[in-house]
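So the structure is just underneath, and the comments pick up after that.
Throughout, read-outs are computed from the coordinates displayed, never taken from laboratory work. From a predicted model like this one, the values you see are computed outputs, not experimental measurements. Note: ideal-geometry Cβ built from the backbone for every residue, glycine included; neighbour counts use all protein chains shown.
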């Protein structure tokens, strides 16, 4: 019996090359693992629609529209406003008419930072993300 | 002499637990590997408090403050965005796209890039922010 087990011992497979490969693979995957955690907003932008625009909505259904012009001024209801006051406007309007969308219309050269800032404010004011629309100003 | 040799053999460290750990680590790193295609430029991202973590993000598209578009460490033209994204997306179909727009980048460029990425067939597109 003793002799048998000894013979078994000698017939053991040499694991060293496999372990070398496993270690090299381990090091490779550790090195290439990216613990990059990017955070972001999923901004909703409707697809470009070539159809003519729908007729203007009734006054009570008018969207909360912010316009960002080419020199990065924020306009609301034809007046230039400070971007900080947009939060209060969204909260007030959203409380009064919860179903109307918030539209951020940006002209070509308007800064992206402002768009994201207003979008963020709208989300903070509990507007549903599908009701916030980023679009190009005409 | 013979006796000494057997004694040494018995004193050998048992490697099995260590190997178990190594294998588990190996499997962990293989499973979590995503191979992110970074844009390769530094971007001053806009601040946002409501941003969510984009765990599956694998393609980064950067728009610099001078409105240059960078994908996979190369500057590309807006017309080449779609082909580039299609190629990278085919490599990792589960991955999503993150557009890293500088806070001073033009929103018009962001919109063009967004449309091109959508045409490339990526269902989830996020815009990177600083939290």
The helix A:16-32 Cα axis meets the longest alpha-carbon principal axis of chain A at an angle in degrees, between 0 and 90 and rounded to 10, of 10 degrees
Exercise: per-residue mean of other protein chain Cβ atoms within 10 Å, B:60-70 | 1
Estimated [θ] at 222 nm from DSSP helical runs (n ≥ 4, -39500 (n - 2.57)) normalised by residues in chain B, nearest 500 = -12000 deg cm²/dmol
In square nanometres and to one decimal, what's the mean projected area of the convex hull around the Cα atoms of chain A?
-> 17.6 nm²
Sticking to Cα atoms, compute the Rg of the stretch B:1-116 to one decimal and its Dmax as the biggest Cα-Cα distance, whole number, in Å.
-> 24.2, 84
For residue B:75 and residue A:95, extending 7 Å from Cα along the Cα-Cβ vector and measuring point to point gives, in nm, a value of 4.9 nm
In peptide B:110-118, how many Cβ atoms from other protein chains are near each Cβ within 10 Å, on average?
-> 3
Can you sort B:78, B:69, B:21 by how many other beta carbons sit within 10 Å, fewest first?
-> B:21, B:78, B:69
So for A:23, A:44, fewest C-beta neighbours within 10 Å to most, what's the order?
-> A:23, A:44
Pairing the Cα long axis of helix A:112-124 with the longest principal axis of chain A, what angle in degrees results, from 0 to 90 and rounded to the nearest 10?
-> 90 degrees
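Okay, helix-only estimate at 222 nm for chain A: each DSSP H run of n ≥ 4 adds -39500 (n - 2.57), divide by all residues, round to 500 deg cm²/dmol; what do you get?
Values: 4 runs with 50 residues, N = 138.
Computed mean residue ellipticity for chain A: -11500 deg cm²/dmol.
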Could you work out which residue, out of A:104, A:27, A:13, moves most in a Gaussian network model of chain A, that is, has the largest mean-square fluctuation with Cα springs under 10 Å?
-> A:13
Checking A:72, A:85, A:39 against a Gaussian network model of chain A (alpha-carbon springs below 10 Å), the top fluctuating residue turns out to be A:39
Counting other chain Cβ atoms within 10 Å of each Cβ in B:48-55 and taking the mean gives 6
Arrange A:121, B:25 by Cβ neighbour counts within 10 Å, fewest through most, would you?
-> B:25, A:121
Could you work out how far helix B:81-91 tilts from the main Cα principal axis of chain B, as a 0 to 90 degree angle to the nearest 10?
-> 20 degrees
Between residue A:130 and residue A:49, what FRET efficiency follows from the Cβ-Cβ distance if R0 is 25 Å, with the result rounded to 0.05?
-> 0.90
How high is the relative contact order of chain B, given as a whole-number percent (alpha carbon pairs under 8 Å, six or more residues apart)?
-> 26 percent
Using a Gaussian network for chain A with springs between C-alpha atoms less than 10 Å apart, which of these wobbles most: A:31, A:127, A:74?
-> A:31
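Sort largest first and round to whole Å: the equivalent ellipsoid semi-axes of the protein assembly as shown, each the square root of five times a Cα gyration tensor eigenvalue.
Values: eigenvalues 663, 75, 49 Å².
Each semi-axis is √(5λ); the values are 58, 19, 16 Å.
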